[in-house]
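The values are calculated or read from the model by the stated rules, or taken from the named source; none is laboratory data. Just so it is clear, the model here is predicted, and its values are computed rather than measured. Using ideal geometry, Cβ is built from the backbone for each residue, glycine included, and neighbour counts are taken over all protein chains shown. We work out accessible area using only protein heavy atoms, side chains counted, and drop any ligands, DNA or RNA first. Shrake-Rupley method; radii C 1.70, N 1.55, O 1.52, S 1.80 Å.
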Amino acid sequence: MFLMKDCRISECYKKNLLITLGKLAINNYPSIILEYNHQLSGELKNLMTTVINDLQICRQLKTRISKLQTELNSSSYDNKRNNNRIQAYKDSLELKKKRLKHLRTDNYEQLAKIGEEFFKNRLLNHDRKFSNVYSQLEDELFQGGCIKDYKNTYINKYINKVVNFIF
């Protein structure tokens with residue numbers, strides 16, 4: 001089962017709640033697919049599968065980044081050939097870090113979309129965890145808020161300050 005930390009992604013409480021719903025759906029993916037497959041749209045299943053695949057890629061990237069950093073720390077700066085190898089490691093490390101950051105941003109956006117679909121359709125409304133988040137979202141909406149600001153994305157520009165996904 002995939003587990004993700006609770007986290008605050010955005011300044012907007014409603015966006016965080018949508019992402020929380022998406023996180024709940026991903027954390028309960030096996031049971032949701034087995035029990036509620038007929039209630040899920042093809043688009044929603046695709047989004048959930050994409051996030052799970054991206055989480056696996058993130059895990060692999062984190063492992064590769066760690067190995068590259070270990071190699072860089074243990075490399076000696078003796079000769080020119082070694083310096084070329086060190087530069088190649090640094091370049092590779094930078095590319096992997098950029099890719100990881102991009103994947104995380106995409107995951108948060110997709111989690112918000114998953115959460116929005118679960119909220120719209122009140123999927124798993126009988127589940128206590130889901131119903132608690134639904135209640136919080138309904139309270140926010142009743143207070144005059146909106147779920148989605150079409151001029152902005154779900155994720156604000158401070159995404160690089162947020163948590164990592166864990167398995």
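Residues of segment 106-137 being polar (S, T, N, Q) and out of contact with any helix residue (DSSP H, G or I) (no Cβ under 8 Å at 6 or more places or on another chain), which ones? Even if it seems obvious, please write down each step before you answer.
Going through segment 106-137, the residues polar (S, T, N, Q) turn out to be 107, 110, 121, 125, 131-132, 135-136.
Residues satisfying the conditions are SER131, ASN132, SER135.
Residue by residue, here is whether (1) modelled with pLDDT of 95 or more; (2) loosely packed, with under 14 Cβ neighbours inside 10 Å; (3) in contact with a helix residue (DSSP H, G or I) (Cβ under 6 Å, 6 or more places away or on another chain) holds:
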site: LEU34; (1), (2), (3): no, yes, no
site: LEU40; (1), (2), (3): no, no, no
site: GLU43; (1), (2), (3): no, yes, no
site: LEU68; (1), (2), (3): no, no, yes
site: SER76; (1), (2), (3): no, yes, no
site: LYS80; (1), (2), (3): no, yes, no
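Looking only at segment 107-119, decide whether some residue is closer than 19 Å to LEU61 by Cα, part of a helix (DSSP H, G or I) and of a type in the set (Asp, Glu).
No.
List pairs: first residue in segment 119-130 and without any contact (Cβ under 8 Å) to a residue 60 or more places away in the chain, second residue among the polar types (S, T, N, Q) anywhere in the structure, Cβ distance under 6 angstrom, at least six positions apart or on different chains.
Here the result reads ASN125/SER131, each pair linking segment 119-130 to a residue that is among the polar types (S, T, N, Q).
So if I check each of LYS148, LYS98, LYS90, LYS129, which one is open to solvent by 50 Å² or more (accessible area, probe 1.4 Å), modelled with pLDDT of 95 or more and not hydrophobic (A, V, I, L, M, F, W, C)?
On the way: LYS148 fails: modelled with pLDDT of 95 or more; LYS90 fails: modelled with pLDDT of 95 or more; LYS129 fails: modelled with pLDDT of 95 or more.
Going through LYS148, LYS98, LYS90, LYS129 in turn, the sole match is LYS98.
Taking GLN110, is it closer than 30 Å to LEU141 by Cβ and out of contact with any Phe, Trp or Tyr (no Cβ under 6 Å at 6 or more places or on another chain)? Quick ask: steps written out before the conclusion?
Numbers: closer than 30 Å to LEU141 by Cβ: yes; out of contact with any Phe, Trp or Tyr (no Cβ under 6 Å at 6 or more places or on another chain): yes.
The answer is yes for GLN110.
Could you list, in sequence order, all residues of segment 33-74 that are without any contact (Cβ under 8 Å) to a residue 60 or more places away in the chain and among the basic types (Lys, Arg)?
Residues satisfying the conditions are LYS45, ARG64, LYS67.
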